[in-house]
Amino acid sequence: MARMTVRGSVLAIVAVVIAQVVWAGGVDTQEGADEVTLESVPPVVVKTVPEAGAAGIDPATKSIKVTFSKPMMDQSWSWSTASKETFPTLEGKPKYEADGKTCVVDVKLEAGKTYAVWLNSGKFRNFKDKEGRPAVPYLLVFKTGDAPAN
């Protein structure tokens, strides 16, 4: 069986998520909206640190950041497991930065490990914009590099 790269895995998962959205009839807009606008659509992930699909991430990295397309509801998030083995150890509660769009959680990472974190999922939908619309689910996958030699 061929080995799939981290980037290949991410692309495959993105394709599945897109297919699910299309199969479900598209992305819900605000009720009664006649047209799609930035205000009427749900928030989407526009940036992550570490970057999705990245390999060789420093295992000493202390936080994961996710930035959404619009201001989000404070104290509301869903950092969900793809699997117990691939979920990072969280240290403390998530919090939003001053921009209201970037959520940060402190983590403890291990060297040479692949991590996968759902930011919302089919079951958990607590990343919401200020109007209460859940963000489109996003799977963040990255791999840490080896521990530095002593």
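Just so it is clear, none of the values below were taken in a lab; they were calculated from the coordinates. This one's a predicted model, so the numbers in the text were calculated from it and none came from an experiment. When we count neighbours, we look across all protein chains shown, and the Cβ atoms used for this are built from the backbone with ideal geometry, even at glycine.
Phe68 sits among other residues whose Cβ lies under 12 Å from its own Cβ, and their net charge, with Lys and Arg +1 and Asp and Glu -1, is +4.
Considering only Cα-Cα distances, which of the following residue pairs are longer than 21 Å: Lys70/Lys143; Lys47/Lys130; Lys70/Lys113; Lys108/Lys143; Lys93/Lys143?
Details: Lys70/Lys143 28 Å; Lys47/Lys130 19 Å; Lys70/Lys113 31 Å; Lys108/Lys143 13 Å; Lys93/Lys143 23 Å.
From the list (Lys70/Lys143; Lys47/Lys130; Lys70/Lys113; Lys108/Lys143; Lys93/Lys143), the Cα-Cα distance tops 21 Å for Lys70/Lys143; Lys70/Lys113; Lys93/Lys143.
What's the local net charge at Thr86, with K and R +1, D and E -1, over the other residues with C-beta under 13 Å away? Each step should come with its number before you reach the end.
Working: positive: Lys84, Lys113, Lys143; negative: Glu85, Glu110.
Computed value for this residue: +1.
Would you mind putting 72-81, 36-45 in packing order, based on average other-beta-carbon counts within 10 Å, highest first? Walk me through the numbers on the way to the answer.
On the way: 72-81: 17.3, 36-45: 15.3.
Ranking, from highest mean packing down: 72-81, 36-45.
Ranked for footprinting exposure by Cβ neighbours inside 10 Å, fewest first, Lys108, Lys143 give Lys108, Lys143.
What net charge is computed for the residues neighbouring Asp106, neighbours being all others with C-beta under 11 Å from the C-beta of Asp106, Lys and Arg scored +1, Asp and Glu -1?
Neighbour charge sum, excluding Asp106 itself: +4.
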